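Peer 1: Pasting a structure here, questions to come.
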């Protein structure tokens, strides 16, 4: 049985404060992009309360002077999802269902909050989503390898670049720069680190540092950063995998194509859908 909606027009109007808070967040970080930023540049907002939960759907329109406020039809939503309740056990299912129900795209925002819960986490996630949409997310991939394996790594670097990622490779460093400082910056700007394990891979100074930096980034970024370890081609090269890397994605691809599939599957970012050139 669907609960009786309790949200009223005044409360719906008050939800505009979420947009204001998000606008302040974007202004602080990207003041020059505020006019074209998704949702802030124009939106429709739909919401509904159910028991202890608040469901919110924000549709990006890009038309600021035609903002529309409305309600989510819970009867239709529950029928669409084939459920009769929202509770702790199905929050993710309902959130994903909301995305399908409204055909949500990358400019929109959807969330389910407990009534007493802060919107801060939702707004932070929305900002990261829109950074991707605006093409300014950290989509760099750090490639860790021995110089003697450049012939292997260059193929991956070129392919990942072709797919839309930015690649950090020490081959691109200018003469005279501090290598350690550039390595740290490379990790800060990255969404993943790939360690290519070959017979040449040894846990030497810079490689040990790179592992430490990668683990540090993983602690900070959590599921927004991937550590991927590839034992290239020969299974016996597993003996060269440093112990600290063995708890992360750890595969032994048979060829470059399989290695690429492993990388794409393990990355925290996904490649955009297929479209006409």
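The values are calculated or read from the model by the stated rules, or taken from the named source; none is laboratory data. Source: prediction; values computed, not measured. All Cβ positions, glycine included, derive from the backbone under ideal geometry; neighbour counts span all protein chains shown.
Peer 1: Show me the helices (runs of 4 or more DSSP H) found entirely inside segment 1-99 where at least 2 residues are surrounded by 15 or more Cβ atoms within 10 Å (Cβ to Cβ) and in contact (Cβ under 8 Å) with a residue 24 or more places away in the chain. Walk me through how you get there before you give the answer.
Peer 2: On the way: elements: 9-14, 16-29, 74-81.
Answer list for segment 1-99: 16-29, 74-81.
Peer 1: For segment 152-207, which positions are within 21 Å of residue 268 (Cα to Cα), modelled with pLDDT under 85 and in a loop (DSSP other than H, G, I, E, B)?
Peer 2: 164, 169, 189
Peer 1: Within the bounds of segment 210-230, is there any residue that is touching a strand residue (DSSP E or B) at 6+ places or on another chain (Cβ under 7 Å), farther than 18 Å from residue 266 by Cα and surrounded by fewer than 16 Cβ atoms within 10 Å (Cβ to Cβ)?
Peer 2: No, segment 210-230 contains no residue that is touching a strand residue (DSSP E or B) at 6+ places or on another chain (Cβ under 7 Å), farther than 18 Å from residue 266 by Cα and surrounded by fewer than 16 Cβ atoms within 10 Å (Cβ to Cβ).
Peer 1: Got a number for residues in segment 100-110 being within 17 Å of residue 76 (Cβ to Cβ) and either part of a helix (DSSP H, G or I) or within 17 Å of the chain's Cα centre (by Cα) (or both)? Break it down into steps so the answer makes sense when it comes.
Peer 2: First, pick out the residues of segment 100-110 that are within 17 Å of residue 76 (Cβ to Cβ): 100-104, 110.
Now drop any that are not either part of a helix (DSSP H, G or I) or within 17 Å of the chain's Cα centre (by Cα) (or both), which leaves 100-101, 104, 110.
Residues flagged as within 17 Å of residue 76 (Cβ to Cβ) and either part of a helix (DSSP H, G or I) or within 17 Å of the chain's Cα centre (by Cα) (or both) within segment 100-110 amount to 4.
Peer 1: Tell me which residues, restricted to segment 120-151, are modelled with pLDDT of 90 or more, over 14 Å from the mean Cα position of the chain (by Cα) and surrounded by 16 or more Cβ atoms within 10 Å (Cβ to Cβ).
Peer 2: Residues satisfying the conditions are 142, 143.
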